[in-house]
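Just below is one structure, and these are the notes that go with it.
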Amino acid sequence: MQKKIYSALFVLWICCLVWQQGQAQTTPIANDTLLPAWKERYLENSRKSANYQAENARRFELLHTKLEVSFDWEKQHLLGVATLSMQPYFYPQNEVVLDAKGFAVQSVELVETKNLPLQYDYDKRKLRVKLPKTYQKIDKLTLKIVYTAKPNELENVGGSEAITSDKGLYFINPQGKIPNKPQQIWTQGETEANSCWFPTFDSPNTKTTQELLITIDKVYTTLSNGKLIASKDNGNGTRTDHWKQDKPHAPYLAMMAVGKFAVVKDKWRNLDVNYYVEPEYEQYAKAIFGNTPEMMEYFSKLLDYPFPWDKYAQVVVRDYVSGAMENTSASLFMEGLQVDRQYLIDENWDGIIAHELMHQWFGDLVTCESWANLPLNESFANYAELLWKEYKSGVDEMEFQLQEEANQYMQEAQSKREPLIRYQYADKEDMFDSHSYAKGAVILHQLRKLVGDDAFFAALRLYLKKFAYKKAEIHDLRLVFEEVTGEDLNWFFEQWFMRAGHPQLTVQHTYENGKVQLQVKQTQDLAYFPLYRLPLAVDIWAKGKTKRHLITITQREQTFSLDCEGKPDLVFFDGETQLLAEVTHEKTTEEYIFQYKNSPKVLARMEALNYLQSKRNQKEIRQTLLLALQDKFWEIRLLAAELFDKYEGEDRQKVAEKLRELIQTDKKSLVRATAITSLATLSNDYAELFRERLANDSSYTVIANSLYAYYNSGGVNAAEQFEKFEKANSLVVAIPIADFYSFSQTPNKYDWFVASLQKFENSGLYYLLGYFGQYVVNQPKLVQNEAADYLEWLALNHANYQIRMQTYQTLALLQGTENIEKRLASIRRKEKDRRVLEYYKQLE
């Protein structure tokens, strides 16, 4: 499962809607900025520690699952027949208890006794089937269950920040009444939502082979796990597609998708690799997904385990409730991946594609035994994004992304600090956080640095071979690493996986008589967090040479005496820039300038620039920042350009010319876009340059920033420039247009707003609704009433609960419209999602 929608948000961050570039993300969080919320949460979890979230007991081995399904689009029901083959796991059993949420159950039969009807009890959550005898471990039985799944009639629909809904089965535009929106059906199983559309043992420690027969109108294409082994024309306008997977996987990984997809075919070795997209994006499918075969080859060789499934498909659907999902052999993605080549100038979707692909090994082939062990799935998938960056783009790209992961965790750690492997969670959905994803990826990188590349990947290979098509827990991973390395690694797994928090270090250094005295103090609260053992490198520059010292921190306060040929130019703590920690290490301005100019590590250079930015008016520092505009790594050039935002130094014109040069020559579009933003704050003399960029630069982000820059620089006929890009297929461009129209109250733009809200109905609505409300509130009453009708419909029908809340808030602005209070009351009354209802209650 991929919870991050990082590419679009990243580009939006660059777009910088209010002309305020944020602090660079490499800046560490100081100790005194931490909120007390983490401690409150820690104490709360301690109080409920008796609520141990154990692995689910296994009463039966689920041998095979056969599903025969058809659909009632009008009612949004699934008509199903489930045939489940099983045998007792160990102990004798006289009943079967299945997860089955919100069904109408018509019958339950025992196949082996000529479909003998069986007695059952059903409470809309669990189906308890009474068996005619007590079955022993060696006995097999097959149940046939006829049922109707009603996902839209489920009670207590919920979800999480990562997966916004848990009703399992989704009908998109089922009556075909919404223009320009396809009719689709798709499923989302993680965590335990597939039991909303078929009965099963809905637990990650269950494994089953599977076949799925989907009967659908012939105009639709289907996709499921495994291979399509048959497709039968039923002679009545329908077709039955038969998908079969002979290799076992967890029930939450079962999937199906139905829609009018264009199928773009590719290959890896002898396996089919297909991309399912809406027809208008068929021409872009290989531009979006085309690195998949190379990824499959790379990961297969790296892990010494060829891609383990019968095919690999990737499908993009509408109104998806998360970022992506690693269904076995058939990953499902949000519609944000449907982009054109112009979008791909700024950013690609390789990260999310690599994430879901790595899950085919870590998560699908070897599955966490319980949600408490979710990092065994997600940490590896996040780390795959870094591995692919390293392979495809180099170490600098990987290490920058590693810092992004660390920052995501550190931001969450201000209010939440949990063990990576946690058995006391209140809700399994709580596991889908930046601990399981981001922190886990950083810890895996630290483990790699600790044991070395050869041992790290040898351990992963052994882990996959040992637990293939099985479940695993964190201790299985530890024992594999110990088996490979011959080392006791319990200390590492205990402090990083089993305990909460991270190190907080104060570092000081002095020099005397050929020795650097390095003093390190661990300042984290030992009442809550461990005293860490931290092996790391310290690099010392002196007399034109660099020497690396390896140290291991094990004490609360510790001093290391390190040889040095003369007074050091720089002492750099954590030479590999791999440690997840808050580090306070005071250095002089001269040392930071030296660090930027001499360190080969991209994160060291970024740290130096972040320190120097507050003193950018000093000549030597300014020269260093100007030098950074030519850095070999594009993110540093981008940061340097950003640091000249609102610059007022004496050589302002020289800086402006350097930014102009960057805008015209830098190969990286995001660098050009950031330079445009900063240049517009230095002078109004570059409107013509910004107009030229609007005419000649294909990057959506450059266009978006140039629109702002041209307007703010007093460009002639700015409104015409905004209108030129009204049809751009880019949310990043739509936002400045919406901003301008709402601010200037440009006449006759209501239709453009509505068309844009429909075009960007998921990724863009959250951003555009506010501008729409600001625009409409000052329009004539007739327009306001029309807008109220549209917003009311959205608030009642949009699939995303956050969008429904945002729409309600926007509608509430239109206090002068007809029956506004009745409209709002009707929305509150018809809402079922408890999260939205709680929000409405807060507004009362």
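Worth a mention:
- The mean sequence distance of close C-alpha pairs (under 8 Å, at least 6 residues apart), as a share of the length of region 141-282, puts its relative contact order at 20 percent.
- Nonpolar atom fraction for region 63-215, defined as the carbon and sulfur part of the 1.4 Å probe accessible area, stands at 48 percent.
- Compared with the rule-of-thumb size 2.2 N^0.38 Å for a compact globular protein, the chain has a Cα radius of gyration ratio of 1.01.
- Rounded to the nearest 10 Å², the accessible area of Asp525 at probe 1.4 Å: 60
- Potential lengthening between Tyr469 and Leu63 on full extension [0.36 nm per residue; Cα-Cα distance subtracted]: 144.9 nm
- Approximating the spin labels as points 7 Å out from Cα along Cα→Cβ, the Lys392-to-Leu344 distance works out to 1.0 nm.
- Size of electric dipole in the chain: Cβ of Lys, Arg +1 and of Asp, Glu -1, about Cα centre, debye, nearest 20: 1220
- Using the 1.4 Å probe convention, the accessible area of the chain works out to 40 Å² per residue with neighbouring protein chains retained.
- Computed with a 1.4 Å probe over protein heavy atoms only, the accessible area of Tyr790 comes to about 40 Å².
- Region 323-410: trypsin sites (Lys or Arg not before Pro) in DSSP coil with no more than 13 other Cβ atoms inside 10 Å: Arg341
- Qualifying aspartates and glutamates (Cα of each under 13 Å from Cα of Lys841; at least 8 residues distant if same chain): Glu831, Asp833
- Cross-link check: pairs Lys167/Lys471; Lys126/Lys471; Lys547/Lys658; Lys177/Lys832 evaluated at a Cα-Cα cut-off of 27 Å; pairs beyond the cut-off: Lys547/Lys658.
- Carbon + sulfur, % of accessible area of region 463-580 - ligands and nucleic acids excluded, 1.4 Å: 45
- Neighbours of Leu814, meaning other residues whose beta-carbon lies under 14 angstrom from its beta-carbon, give a summed charge of -2 when Lys and Arg score +1 and Asp and Glu score -1.
- Each Lys or Arg adds one and each Asp or Glu subtracts one; over the other residues with Cβ under 12 Å from the Cβ of Gly544, this totals +1.
- Potential lengthening between Asn748 and Lys124 on full extension [0.36 nm per residue; Cα-Cα distance subtracted]: 219.5 nm
- For region 649-721, applying the loop criterion from DSSP together with a ceiling of 14 other beta carbons within 10 Å to the trypsin sites (Lys or Arg not before Pro) yields Lys667.
- Dividing the helix sum by the residues of the chain, where each DSSP H run of 4 or more adds -39500 (n - 2.57), gives a mean residue ellipticity at 222 nm of -11500 deg cm²/dmol.
- With all protein chains in place and a 1.4 Å probe, the accessible surface of region 301-352 carries 46 percent carbon and sulfur.
- Contact order normalised by residue count of the chain, Cα under 8 Å, 6+ apart, percent: 10
- Ordered from highest to lowest accessible area with the whole protein assembly present and a 1.4 Å probe, Asp574, Asp166 read as Asp166, Asp574.
- 16 Å Cα-Cα reach of Lys449 towards lysines, excluding residues that sit fewer than 8 places from it in its own chain: Lys439, Lys601
- Over region 608-696, relative contact order from alpha-carbon pairs under 8 Å, at least 6 apart, %: 25
- Rounded to 0.05, the FRET efficiency of the Gln802 and Ser614 pair, given R0 = 30 Å and the Cβ-Cβ distance, is 0.25.
- Pairs spanning more than 29 Å between alpha-carbon atoms, out of Lys181/Lys749; Lys416/Lys830; Lys286/Lys759: Lys416/Lys830.
- Residue-level accessible surface for Phe743, protein heavy atoms, 1.4 Å, Å²: 150
The values are calculated or read from the model by the stated rules, or taken from the named source; none is laboratory data. Values in this document were obtained by computation on a predicted structure and should not be read as measured data. Counting neighbours? That spans all protein chains shown, and the Cβs are built from the backbone with ideal geometry, glycine included. Keep in mind that these areas ignore ligands, DNA and RNA; they rest on the heavy atoms of the full protein, side chains included. Shrake-Rupley method; radii C 1.70, N 1.55, O 1.52, S 1.80 Å.
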